[in-house]
Amino acid sequence: MDRLQEKTTVPYPPVGPGGGQSLSQKPNQSIAEDFDEHKPSEKDLEKMLRQLQRTSAPDYLPSLSMNDLYERVFPGRPPIIEGLLYPGVYLFVGAPKVGKSFLMAQLAYHVSKGLPLWGYEVRQGAVLYLALEDDYPRLQGRLYRMFGEDSAADLHLSIYAKQLNSGLEEQLNRFVREHQDTRLIIIDTLQKIREAGAEKYSYADDYKVITSLKRFADGTGVCLLLVHHTRKQQADDKFDMISGTNGLMGAADGAFLLQKERRTDSAATLDISGRDLQDQRLYLKRDEERLAWELERRETEPYKEPPDPVLEAVAALVTAERPEWSGTATDLTAALGVDMKANALAMRLNVRAWRLSYEYHIRYKSTRTHAGRSIRLTLETPQA
């Protein structure tokens, strides 16, 4: 393919070192010279015009072949809480007064401070907690009882928000613009931000609500956690107890279900299910003095993806001493000393580039021209 294609990943904050070979062979190359080097040929321009005409047709259906899909580099979804909470839309459900709001305050506090929670690693960032069933005096007392004088500057609280399609989306987008390190937004409760209407909602209504919120979460890369209630009827599948239709669970990325056997119990179970989550059950116990939830045990140990030997080899190549490397896929295969074909190596890095950035702080960029594929690896400065 002669058309210039450039693939790169969005850098994410981090975890490990890396290494490299000296990069630019033409440090003084001008922009004009660079353009001349990669200027599309007349044949390429004709091909691009035909593609534009094809995609502009009213009956055009966008699609990717599997080969094209493997050629793409997508930004990853690094966890907010490793193995527990990821960017996207999640439901957090439980019966009234079961302790959901205390657990929401605990999640918000730990993310805003970057403190581990129940042994899970936490990625620090700004948090917006919309406590729409509370008032500020109650919030003040609750947070002080739970965390004492150790306040969190990155935890923002509000007891008011507009409804969906009536200004809420604009409010959330403005908050994220003003706090660009936002990781988590909690809406307590979902019912408070739904449009006024009939008491009962259809599957289509429920699906539309979550889809609208998911569009915001996916566009900003934040985790949107929606507090909701369970219905009174029991069900074989615990997640069928979520109040409303299956449209809520169907459109969401996952759900958490907090349950007690009796309302007066200090023990509870937290069931977790989702697209990016391992199904889990956690057994929690409430500290009666601080009212915070503590982990007693897990039903299954969380899965941790093993190290990728190719990424480990890249991290050994691109280091603080040699922070950049560039060359062809064939050059990289030789530099890494891995037993795989150049195109297989490039494909693997395309698919796992986000992990290379997140775990090793190494930015991967792949450019394809008529001369072949060029790869550049750059060690990123870890963000605070």
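The values are calculated or read from the model by the stated rules, or taken from the named source; none is laboratory data. Model, not experiment: these values are computed from the prediction. Note: ideal-geometry Cβ built from the backbone for every residue, glycine included; neighbour counts use all protein chains shown.
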Inset, instruction - Would you mind stating whether residue 277 is surrounded by 14 or more Cβ atoms within 10 Å (Cβ to Cβ) and modelled with pLDDT of 95 or more? - result: no
Inset, instruction - Return a yes/no flag: does segment 312-321 have any residue that is touching a residue at least 12 places away in the same chain (Cβ under 8 Å), of a type outside the set (S, T, N, Q), assigned to a loop (DSSP other than H, G, I, E, B) and closer than 26 Å to residue 110 by Cβ. - result: no
Inset, instruction - Might you let me know whether segment 349-365 holds any residue that is surrounded by fewer than 18 Cβ atoms within 10 Å (Cβ to Cβ) and part of a strand (DSSP E or B)? - result: yes
Legend entry - Any chance residue 291 is closer than 30 Å to residue 268 by Cβ and part of a strand (DSSP E or B): no
Legend entry - Boolean, residue 172 is over 25 Å from residue 286 (Cβ atoms) and in a helix (DSSP H, G or I): yes
Inset, instruction - Could you identify the single residue in 271, 331, 339 that is surrounded by fewer than 19 Cβ atoms within 10 Å (Cβ to Cβ), in a strand (DSSP E or B) and without any contact (Cβ under 8 Å) to a residue 60 or more places away in the chain? - result: 271
Legend entry - Test for residue 166: is it assigned to a loop (DSSP other than H, G, I, E, B) and closer than 14 Å to residue 109 by Cβ: no
Legend entry - Residue within segment 365-384 that is hydroxyl-bearing (Ser, Thr, Tyr), modelled with pLDDT of 95 or more, more than 27 Å from residue 280 (Cβ to Cβ) and over 21 Å from the mean Cα position of the chain (by Cα) present: yes
Inset, instruction - Scan segment 169-192 for residues that are of a type outside the set (Val, Ile, Thr), crowded, with 20+ Cβ neighbours inside 10 Å and within 21 Å of residue 134 (Cβ to Cβ) and report the count. - result: 4
Inset, instruction - For segment 233-245, indicate whether the set of residues that are modelled with pLDDT of 85 or more, surrounded by fewer than 19 Cβ atoms within 10 Å (Cβ to Cβ) and within 18 Å of residue 97 (Cα to Cα) is non-empty. - result: no
Legend entry - Positions within segment 108-161 being assigned to a helix (DSSP H, G or I), among the small types (Gly, Ala, Ser) and touching a residue at least 12 places away in the same chain (Cβ under 8 Å), in sequence order: 108, 112
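Can residue 102 be described as part of a strand (DSSP E or B), under 21 Å from residue 188 (Cβ atoms) and at pLDDT 90 or above? So that I can check it myself, show each step before the final result.
Numbers: part of a strand (DSSP E or B): no; under 21 Å from residue 188 (Cβ atoms): yes; at pLDDT 90 or above: yes.
For residue 102, the condition - part of a strand (DSSP E or B), under 21 Å from residue 188 (Cβ atoms) and at pLDDT 90 or above - is not met.
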